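Colleague: Okay, handing you the structure first.
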Amino acid sequence: MSRASDKSDQAAPSAPENSGGPKHVAVIMDGNGRWAKARGMPRTLGHRAGVNALKRTVEAAPQFGLECLTVFGFSTENWRRPVAEVSELMGLVKLYVQTDLDRLAREGVRVRILGRRDGLPPDIQEIVERAEAKTAHNSNFLLQVAFNYGSRGDIVDAARKFAIQVRDGKADPADLDEAMFGSLLCTAKGPPVDLVIRTSGERRISNFLLWEAAYAEFVFQNVLWPDYGPEALSEAIEEFRRRERRFGGLDAHDVLAAG
Ligand code: FPP
């Protein structure tokens, strides 16, 4: 990630080429367990390898012209996993922040954690807050980690917030529109999602960014998450570029044909 760290008096590196490419990519990092199983290893080692894949991907993202990467680190449904696996995932997010926060901060990356904070153990809440506070003024790149996140839950939380505003006389139901509702979601401060990637060959959205991905492109890749990195990201971006995004309208050719 060289854009932010290049403070020498050499000419600034040219901006990455990203015409027509996605600015905000969201990733369902799937396949850690299968990766480990294929190697006769415990699932926990798959998750550890998954952290390395995350590091490679975050490092590469700005070089592809991305401005924001959102990753699904732990879903509200993941609490159903065995206690040891849950505790491994909690430990990994902690370790990731401990080992990478200073570098991310130096490189101008802003870190934001999406999801229900109050459901996290106190030490994770503390580390999440530290990561956000330390990077709050950075603007080169936004890394959003969805942790204890579920999109339906977030939508319900937003509806509850609005209901409370109405009850307290601070909002009028007649004024509610998509923009106002979107501003109540935990993703409100991030840019629109252009591309959702899911690895491991599964083709489900699994309660991730249901509202935010309404007009996103979806790319499903067979690679297992621990094997992910710049090459696979580049392929997904190329696939995105081949798509034609119409946002419910018509493409230019069809507009002409329709007269
Ligand atoms: C899905 O693989 C992956 C997860 C449930 C967690 C993703 C977590 C990481 C990449 C590492 C830790 C995260 C952070 C943010 C530091 P799976 O276990 O469902 O794989 P499987 O479908 O092959 O069993």
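The values are calculated or read from the model by the stated rules, or taken from the named source; none is laboratory data. Treat the numbers as computed from the prediction; the structure is a model and nothing was measured. Ideal geometry is used to build each Cβ from the backbone, glycine not excepted, and the neighbour counts take in all protein chains shown. Note: accessible area is taken over every heavy atom of the protein model, side chains too, but ligands, DNA and RNA are not part of it. Shrake-Rupley method; radii C 1.70, N 1.55, O 1.52, S 1.80 Å.
Colleague: Just name the residue that is nearest to the ligand (Cβ to nearest atom) out of those in the range 158-210 that are within 14 Å of the chain's Cα centre (by Cα), more than 23 Å from Asn78 (Cα to Cα) and among the charged types (D, E, K, R).
Modeller: Here the answer is Lys189.
Colleague: While we're looking at this one, here's another question. Considering each residue of the range 59-80, count those that are part of a helix (DSSP H, G or I) and either open to solvent by 50 Å² or more (accessible area, probe 1.4 Å) or away from the ligand (no atom under 11 Å from the Cβ) (or both), and give that number.
Modeller: 10
Colleague: Let me ask another. Could you give every pair whose Cβ atoms fall below 8 Å, whose first residue belongs to the range 119-141 and is modelled with pLDDT under 95, and whose second residue is surrounded by 14 or more Cβ atoms within 10 Å (Cβ to Cβ) and of a type in the set (S, T, N, Q), counting only separations of at least 6 or pairs across chains?
Modeller: Hits for this filter: Gly119/Thr76; Gly119/Asn148.
Colleague: Also: Can you find even one residue in the range 85-108 that is in a helix (DSSP H, G or I), away from the ligand (no atom under 11 Å from the Cβ), open to solvent by 10 Å² or more (accessible area, probe 1.4 Å) and of a type in the set (Phe, Trp, Tyr)?
Modeller: no
Colleague: Next question. Being in contact with a Gly (Cβ under 8 Å, 6 or more places away or on another chain), outside any loop (DSSP other than H, G, I, E, B) and within 16 Å of Thr70 (Cα to Cα) is true for just one of Ile197, Ile237. Which residue is that?
Modeller: After applying the criteria, what remains is Ile237.
Colleague: If you go through the range 189-205, how many residues are small (Gly, Ala, Ser) and surrounded by 14 or more Cβ atoms within 10 Å (Cβ to Cβ)?
Modeller: Residues in the range 189-205 being small (Gly, Ala, Ser) and surrounded by 14 or more Cβ atoms within 10 Å (Cβ to Cβ): 2 in total.
Colleague: Any chance you could count how many residues in the range 109-139 are surrounded by 15 or more Cβ atoms within 10 Å (Cβ to Cβ) and more than 29 Å from Leu210 (Cβ to Cβ)?
Modeller: Of the residues in that region, 1 qualify.
Colleague: Can you tell me which residue within the range 214-225, out of those that are open to solvent by 10 Å² or more (accessible area, probe 1.4 Å) and touching a residue at least 60 places away in the same chain (Cβ under 8 Å), is nearest to Val156 (Cα to Cα)?
Modeller: Residue satisfying both the conditions and the ranking: Ala216.
Colleague: Output the qualifying pairs, or none if there are none: Cβ atoms under 7 angstrom, residues six or more apart or on different chains, first residue in the range 145-162 and in contact (Cβ under 8 Å) with a residue 12 or more places away in the chain, second residue hydroxyl-bearing (Ser, Thr, Tyr).
Modeller: Ala146/Thr70; Asn148/Thr76; Tyr149/Ser75; Tyr149/Thr76; Gly150/Ser75; Gly150/Thr76; Gly153/Thr76
Colleague: Out of all the residues in the range 160-176, is one or more closer than 22 Å to Ala26 by Cα and either in a helix (DSSP H, G or I) or open to solvent by 80 Å² or more (accessible area, probe 1.4 Å) (or both)?
Modeller: Looking for residues that are closer than 22 Å to Ala26 by Cα and either in a helix (DSSP H, G or I) or open to solvent by 80 Å² or more (accessible area, probe 1.4 Å) (or both), one finds none in the range 160-176, hence no.
Colleague: Could you list, in sequence order, the residues of the range 25-58 that are near the ligand (Cβ under 7 Å from one of its atoms), closer than 24 Å to Glu212 by Cα and either assigned to a helix (DSSP H, G or I) or polar (S, T, N, Q) (or both)?
Modeller: Leu54
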